[in-house]
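Visitor: Handing you a structure now.
The values are calculated or read from the model by the stated rules, or taken from the named source; none is laboratory data. The structure presented is a predicted model; accordingly, all values stated were derived computationally and were not measured. We place every Cβ from the backbone using ideal geometry, glycine too, and count neighbours over all the protein chains shown.
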Amino acid sequence: METELMLASHAPEQTRYWGRVIGAALGRGDVVALQGELGAGKTTLAQGIAEGLGVSDGCYVTSPTFTLINEYQGRIPLYHLDFYRITSLAESQDLGLEEYLCGEGVAVIEWPEKIAIWLSGDYLLIKLVLVGYTERMLNVSSRGHRSAELVRHVALHQAGREGAPPLPVTKNKGMD
Ligand SMILES: Nc1ncnc2c1ncn2[C@@H]1O[C@H](COP(=O)(O)OP(=O)(O)OP(=O)(O)O)[C@@H](O)[C@H]1O
Ligand SMILES: [Mg+2]
């Protein structure tokens with residue numbers, strides 16, 4: 001059974017907020033796939049997930065330029081994988097991905113479509129859609145029982161926010 005929900009974000013800090021909500025619920029072996037075009041907000045969401053996992057502020061999650069995989073230490077390890085630069089399936093075969101996808105920590109993957117063949121198990125899929133300069137839609141869906149639990153966790157959080165004041169938007173800092 002697939003469960004699905006939509007989250008709206010009107011600013012980077014709102015995307016990070018939803019990342020924190022997700023990160024707080026993640027456990028060992030969880031996999032989160034972040035899909036979306038360039039600049040959709042995948043790394044921004046990964047930063048929030050890192051915060052939710054307790055990665056300290058000093059360890060700033062960035063888009064890796066030369067490395068495909070970065071590891072951060074939170075309450076459990078966070079493996080941030082970015083496959084933008086992968087051009088062939090053969091390349092992904094040398095990365096030892098099992099270690100990250102079935103590892104001791106959480107794997108958060110940008111450009112998961114490039115390694116789709118390795119994503120046979122359960123994972124939480126988040127499709128980020130760029131709808132305006134600072135507007136994004138986050139389509140969160142499950143690919144198994146565990147990820148369905150995670151979707152329900154986010155749904156409860158979203159329902160809890162109904163009627164609450166809107167999430168903050170920093171007005172005077174430009175894009176970030
Ligand atoms: N609501 C929003 N959510 C997320 N990012 C936003 C939002 N509004 C504006 N932005 C801006 O969009 C950019 C998103 O960049 P980010 O690196 O997170 O995207 P990405 O999907 O990881 O891109 P890439 O495919 O290049 O890795 C940032 O500059 C961020 O400040
Ligand atoms: Mg990125």
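Visitor: Search the range 40-59 for residues that are over 10 Å from GLY19 (Cβ atoms) and more than 7 Å from ligand 1 (Cβ to nearest atom) and pair each with any residue that is assigned to a helix (DSSP H, G or I) and among the small types (Gly, Ala, Ser) when their beta-carbon atoms are under 9 Å apart and the residues are at least 6 apart or on different chains.
Guide: As it stands, the answer is GLY54/GLY23; GLY54/ALA24; VAL55/GLY23; CYS59/ALA50, since those pairs meet every condition given.
Visitor: Does the range 64-80 contain at least one residue that is in contact with a His (Cβ under 8 Å, 6 or more places away or on another chain) and either exposed (fewer than 13 other Cβ atoms within 10 Å of the Cβ) or of a type in the set (A, V, I, L, M) (or both)?
Guide: yes
Visitor: Within the range 137-145, identify whether any single residue is within 16 Å of ligand 1 (Cβ to nearest atom) and surrounded by fewer than 20 Cβ atoms within 10 Å (Cβ to Cβ), and answer yes or no.
Guide: Yes, the conditions are met somewhere in the range 137-145.
Visitor: Name the single residue that is nearest to ALA24 (Cα to Cα) among those in the range 132-153 being in a loop (DSSP other than H, G, I, E, B) and either modelled with pLDDT under 95 or of a type in the set (D, E, K, R) (or both).
Guide: So, considering only residues that are in a loop (DSSP other than H, G, I, E, B) and either modelled with pLDDT under 95 or of a type in the set (D, E, K, R) (or both), the one nearest to ALA24 (Cα to Cα) is ARG143.
Visitor: Output the residue which, of all residues in the range 7-39 that are within 13 Å of ligand 1 (Cβ to nearest atom), part of a loop (DSSP other than H, G, I, E, B) and of a type in the set (A, V, I, L, M), is surrounded by the most Cβ atoms within 10 Å (Cβ to Cβ).
Guide: ALA11
Visitor: How many of the residues in the range 67-89 are in a loop (DSSP other than H, G, I, E, B) and within 14 Å of ligand 2 (Cβ to nearest atom)?
Guide: 6
Visitor: So for the range 154-165 (the condition being at pLDDT 95 or above, under 24 Å from GLY39 (Cα atoms) and in a helix (DSSP H, G or I)), does at least one residue qualify?
Guide: yes
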